[in-house]
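This report concerns only the one structure given below.
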Amino acid sequence: MEKEYWKKYYKNKLNKTLPPPSQFAAFTISYLNSYDLTVIDYASGDGRDSVFFSNYFSKVYTVDQVQGISETEITKHENLEFLYPENLSRSNIQTDNCIVYARFFLHAISDEEQSVFMQNMKELLLPNEKIFLEFRVDEDSTRTKATEAHYRRFQTMNEVIEQLKLFDFKTLYSVQGMGFAMYKEDDAFVARIVAERI
Ligand SMILES: C[S@@+](CC[C@H](N)C(=O)[O-])C[C@H]1O[C@@H](n2cnc3c(N)ncnc32)[C@H](O)[C@@H]1O
């Protein structure tokens, strides 16, 4: 969604110092008790969380419709690889135990794209593998944003939990509120879900 917008957004940031990792990335590291995993950072943007993960996990795929991560970062971290979404399949990646991490992705895509994503995740992940989601929810729709207006879609946490069930994911952990994704004056009202493929 909004390919041209994101292309321009990340082009302006290339060759600048990467921002610090998100609070959700730190949460993900703390939640897991093994780092012997392949991480798929889906809709990774400038790759700041992918780079952070590459210090912990055996392999990190940084996946996005546009390449927002610089080649310099990719060459600096030998376990980090950029993929376009159409090249993401089980046969194309290191097939260790995988997790998918998708931060601020669900609200950046349409309802239809979300259904396609859920189906793709159902096909990609094996039983017991987890998906980590963080996204803006309804309560965030009228709140102050730090970045200019662009496409943002709001839904409820329960809607996503119900949809995950339809695609064979069981929710292990969920929480919503503020203070989880602070960025300048933007204290987003978000939901976090950790779900497991059944
Ligand atoms: C709000 S940014 C989130 C970036 C990063 N995860 C973060 O939290 O900093 C949304 C990202 O979703 C990507 N995106 C939007 N639609 C996509 C799609 N259909 N497939 C893959 N990536 C997509 C955009 O290119 C953009 O990098």
Cross-link partners among lysines for LYS170, C-alpha distance below 28 Å, same-chain residues fewer than 8 apart left out? LYS59, LYS122, LYS130
Qualifying lysines (Cα of each under 20 Å from Cα of LYS13; at least 8 residues distant if same chain): LYS3, LYS76, LYS145, LYS184
Springs between alpha-carbon atoms under 10 Å, Gaussian network over the chain: tell me which of ILE74, ILE131, ILE40 tops the mean-square fluctuations. ILE74
Just rank PHE132, PHE154, fewest to most, by other beta-carbon atoms within 10 angstrom. PHE154, PHE132
Can you give the relative contact order of segment 3-197 as a percent, counting alpha carbon pairs under 8 Å and 6+ residues apart? 18 percent
Quick one: divide the alpha-carbon radius of gyration of the chain by 2.2 N^0.38 Å and tell me what you get. 0.96
Dipole of segment 3-197 (Lys/Arg Cβ +1, Asp/Glu Cβ -1, origin at the Cα centre): which of PRO19, VAL39, LEU80 lies farthest to the positive side? PRO19
Mind checking which aspartates and glutamates have their C-alpha under 17 Å from LYS16, skipping anything on the same chain fewer than 8 residues away? ASP46, ASP49, GLU71, GLU73
Surrounding net charge for CYS98, when Lys and Arg each add one and Asp and Glu each subtract one, Cβ distance under 10 Å: +2
Quick check: Cα centre of segment 87-133 to Cα centre of segment 1-42, how many Å? 15 Å
Please sort 43-50, 94-101 by packing, taking for each peptide the average over its residues of neighbouring beta carbons within 10 angstrom, highest first. 43-50, 94-101
About its Cα centre, what dipole magnitude does segment 3-197 give when the only charges are +1 on Lys and Arg Cβ and -1 on Asp and Glu Cβ, stated in debye to the nearest 20? 300 debye
Rounded to the nearest 5, the percent of DSSP beta bridges in segment 3-197 running antiparallel is 45 percent
With only helices counted (DSSP H, runs n ≥ 4, each -39500 (n - 2.57)), the per-residue ellipticity at 222 nm for the chain, to the nearest 500, works out to -8000 deg cm²/dmol
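Since every read-out is calculated from the coordinates, none of them should be taken as a lab result. Predicted, not measured: the structure shown is a model, and the values here were computed from it. So basically every Cβ, Gly included, is an ideal-geometry build from the backbone, and we count neighbours across all protein chains shown.
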